[in-house]
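Below is one structure, written out as structure tokens, with a few remarks after it.
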Amino acid sequence: MLINYSVNNYILDKWQMEVLNWNKDAIVIAGAGSGKTLTILGKINFLLDKKIVNQNNILVISFTNASVNDIKCKLNFKVDVFTFHKLAINILSQLNYEYKICDNNMLPFIIKEEILTCSIEMQKNILKFVKYNNDFKHFCHSTIFHNFCNLIETFINLWKTNNFSFQNINLKKFNKLEKKIMYFIFTIYKKYINEKRSMNVLDFDDLILLATKSIENANLLYKYIIIDEFQDTSMIRLNLVKSIYEKTNSKIIVVGDDWQSIYRFSGCNLKIFLNFQKFFPNAKTIKLTNTYRNSQELINIATAFIKKNPDQIDKILRSTKKNDKPLILVPYKNKIQKFKELLDYILQFSDDIMILSRNNQDIYSYLDHDITFKNDELIYKGKILKFFTVHKSKGLEANYVVVLNCNDELLGFPNKIENNIILEKIFSCNEIPYAEERRLFYVALTRCKEKTFLVYDKEKPSIFILEIKKLIKKELKHIEYFK
């Protein structure tokens with residue numbers, strides 16, 4: 001058994017080494033800042049350094065193009081690193097399948113067209129369902145119409161990515177109006193399928209489904225499948241992986257953190273991660289318990305905060321870093337003035353600053369003649385500050401993190417736009433209110449190497465701010481305010 005191993009001049013800890021030494025299936029629970037990417041790189045390098053397998057025997061899958069490119073850049077070897085969609089394309093290319101990808105606007109166009117041309121009776125049903133009190137003509141020019149279109153698109157995407165069939169639906173859950181709306185959505189879905197067939201085109205989920213059906217004819221040499229961000233996996237992605245796993249008799253190692261699962265309504269099914277042994281019965285659970293980013297004081301607060309969510313994997317994170325004031329509350333009366341004062345303060349120590357917000361548009365309310373925003377970058381006094389939505393910040397870090405707009409508002413943090421009742425009844429994981437928003441806030445809290453600043457309206461702090469206040473008092477005895 002190997003005891004010490006380094007990756008990019010970092011010595012792996014004993015839990016990371018356990019992943020390297022384990023030669024069977026495993027699920028690796030990797031908490032925030034625990035070095036999951038380093039562990040993945042270490043496992044690949046170890047397998048190839050020790051000549052356990054060849055380069056063409058390893059398949060690495062990650063969630064986004066950015067994370068795939070990051071892994072490729074850091075690897076010393078050339079192995080297959082794909083997103084799920086690129087993996088499907090690679091399999092179909094090997095089998096010489098000819099296909100065209102449909103336009104991204106095809107489904108939204110069909111949805112709008114079907115709503116605008118629906119019957120008078122269905123118009124009445126829609127207005128009643130969305131609780132719109134004006135006439136249908138006005139509805140079609142409202143933001144509620146836009147939200148209703150998004151609901152239908154989300155429903156169809158979730159239906160496909162979760163590989164649902166009518167047997168999955170308990171119709172007793174739905175009232176008459178909900179059933180009528182649901183059948184209307186299925187009419188649109190059928191139209192979408194027929195349009196794709198008539199044009200002989202596929203969407204990205206079709207590629208995954210087709211690749212899964214075609215695995216038996218593919219020539220695959222994989223002996224290890226390594227998957228990053230596995231908490232964000234959907235059912236059709238799982239089925240593709242299982243088909244490769246079974247055909248090649250390979251070993252599978254998945255890495256992820258259920259506390260950071262934030263893509264539920266993009267198709268992610270957290271139950272797959274939580275019940276991994278159901279799909280791979282002999283897999284070992286390995287937990288990475290050291291965190292190298294956050295202080296122990298911040299970890300204690302963030303852990304207590306996220307543990308309010310039920311149905312998750314219990315874990316303990318440890319850090320050797322200490323910081324008596326890791327979270328600073330920033331209440332304001334004048335948001336722009338307070339934001340500039342905060343930036344002036346932080347820039348005394350470092351220009352490694354990450355500005356985060358729940359919603360992309362939030363940043364515009366903080367701009368004036370001193371602060372400009374261009375190409376996703378804030379410019380203040382000649383300094384360039386990184387801005388991300390919290391979703392896009394996942395996996396990133398900075399010395400100092402500023403989280404904007406933690407207000408008790410419809411588009412605050414948590415975002416209070418309720419998930420539609422139909423989506424909840426079909427796709428719900430029976431979670432507490434704002435469970436996904438809580439995981440998103442946890443991601444925001446854990447991006448910092450030094451301190452996180454939580455900015456909010458003094459008159460309307462969000463429920464998360466009120467919770468964090470109590471947790472800070474419990475852990476650190478007093479709250480630190482930026483004044």
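The values are calculated or read from the model by the stated rules, or taken from the named source; none is laboratory data. The structure presented is a predicted model; accordingly, all values stated were derived computationally and were not measured. Every residue, glycine among them, receives a Cβ derived from its backbone with ideal geometry; neighbour counts consider all protein chains shown. For accessibility, only protein heavy atoms count, side chains too; no ligands or nucleic acids. Shrake-Rupley method; radii C 1.70, N 1.55, O 1.52, S 1.80 Å.
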- Label corresponding to Kirkwood radius over Cα pairs in Å when calculated from the structure given, among (1) 24.6; (2) 28.3; (3) 23.1: (1)
- Note on the structure: At R0 = 30 Å the Cβ-Cβ FRET efficiency linking K74 and K308, nearest 0.05, sits at 0.30
- Taking N as the number of residues in region 69-222, what is its alpha-carbon radius of gyration divided by 2.2 N^0.38 Å? 1.34
- Message: Report the gain in length on full extension from D324 to N217: 0.36 nm times residue separation, minus Cα-Cα distance, nm rounded to one decimal.
- Response: 32.6 nm
- Would you list which lysines come within 22 Å of K128, measuring only between C-alpha atoms, while excluding same-chain residues fewer than 8 positions from it? K112, K137, K172, K173, K176, K179, K180, K416, K425
- Query: Cα to Cα, under 18 Å, and not fewer than 8 places away if on the same chain: which lysines meet these conditions relative to K78?
  - Reply: K43, K50, K51, K86, K223
- Task: Using a 1.4 angstrom probe on the protein heavy atoms only, line up L274, L107 by accessible area, largest first.
- Result: L274, L107
- Select from Y345, T320, Q361 the residue farthest towards the positive end of the dipole of region 272-395; place +1 on Cβ of Lys and Arg, -1 on Cβ of Asp and Glu, and compute about the Cα centre. T320
- In whole percent, how big is the carbon plus sulfur part of the accessible area of the chain, probe 1.4 Å, protein atoms only? 50
- Message: Need the list of lysines near K470 for cross-linking: C-alpha distance under 21 angstrom, and skip anything on the same chain fewer than eight residues off.
- Response: K307, K308, K322, K325, K451, K458, K460, K483
- Rounded to the nearest 5, the percent of DSSP beta bridges in the chain running antiparallel is 20
- Query: Please identify the trypsin sites (Lys or Arg not before Pro) of region 1-40 that satisfy two criteria: DSSP loop assignment and at most 15 other Cβ atoms within 10 Å. Which are they?
  - Reply: K24
- Item | Theoretical ellipticity at 222 nm over the chain - DSSP helices of four or more residues, -39500 (n - 2.57) apiece, nearest 500 | -13000 deg cm²/dmol
